[in-house]
Structure formats: C-alpha cells, structure tokens
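Take a look at the structure set out below.
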Amino acid sequence: MSATLRHSRYLGDIVFQRTPMGDLILNSPTARVRSEWRRMLELLDGRRTVDAVANAFRAGDALRLTSELFNVGWIETMAGSQEAISASDSMGARAPLTVAQFEAAQHAAADATRELLGTTARSLVKEIKACRDSAMLRAAVDSVGDRLSRVLGKDALTIFVDSVRSAARTA
C-alpha cells in the first residue's frame, strides 16, 4: 500500500487523479460506464479530495465509488500508487459521521479548545461552531491541533484529539 494511503487518517482526505485508462474511458463517447462512475471520474482531477466532491453523491457513495474506481485502475493517488484499496477497511477509513456524532464532536472540540487555549481560543471556537459538515470540522480540528502543537506541545494535542474522538464515538 502506498505511503499516502497508509498514513491517511481518512480516505476522504486523499487527492486522486485519473489514470491514462480513466482518461480514455471518460473521453470515449462509446464507452459504457455507470453514470455515477463517469461523474466521479470527471470530479477527481488531481486537485480535489474525495471529501471535496462528496456533495455530488448520496451519503457514503463517494468513498465506495472511489474504492471501486481505484480497484479497476481508473484512478490513482497523486503519488501514483496503483495498489488495491480493499473496500477502505485496510486503511481505517470510516463512514461519515452521523448528525449526533458530528454535533458531539463539534461540541467537544469547542469545549476542549476553550479549556486548553483559554481566551486566545475565541477565533478557533468560532471556526469550530461555523462547521456544517465533517470535512469542515476536520479542517477546524486540524487548525486547533496546529496551534496546540506550537503553543502547548504534543501532549495537549493528544488530549484534544482524544476528547473529540471519544465524544464522536459515544454519541
């Protein structure tokens, strides 16, 4: 498995591009391809993550489609790896958060940010509360994580991430 896939926290964080075969299939007027595969091929352009294109599909379909296209060799990671993704399980990819999990994680992230950073956390807490989906929340959590690493060190970052994950798991 490629280093990109092995070290990713979540399949949705990975940027994919079409392989030459994927480009050929997409640009062939006679190719018979499922419409959802064709749409995913059009969107995975080497610049956007799976999460960035997920809104064009039903909940959970973006991860499934990405795995299917990867397995048939029509897309690859930007690193160029063509190793198989076994239904996202081997990478630890997880399904999108439920509404309850999202709200619990958002609340825990805001509370932990306030507690660890005090009054300097106002803008970060505002960013967390403005999140409307899992991808936005992950980006906000990463921003807080960067700040915690710089200001308080890795132990504070670990405490923060563990509290947010724990809240999402128990929701």
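Numbers below:
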{"read-out": "Residue-by-residue Karplus 3J(HN,Hα) for the range 54-60, coefficients 6.51, -1.76, 1.60, Hz, glycine and proline x", "value": "4, 5, 7, 10, 5, 3, x"}
{"read-out": "Interchain or long-range residues, amide H under 5 Å from MET78's placed H", "value": "VAL15, GLN17"}
{"read-out": "Chain lengthening between GLU115 and GLN17 when straightened (0.36 nm per residue, less Cα-Cα)", "value": "31.2 nm"}
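Only the coordinates and a few stated rules stand behind these numbers; no lab work does. As the structure is a computational prediction, the values presented were derived from the model and not from experiment.
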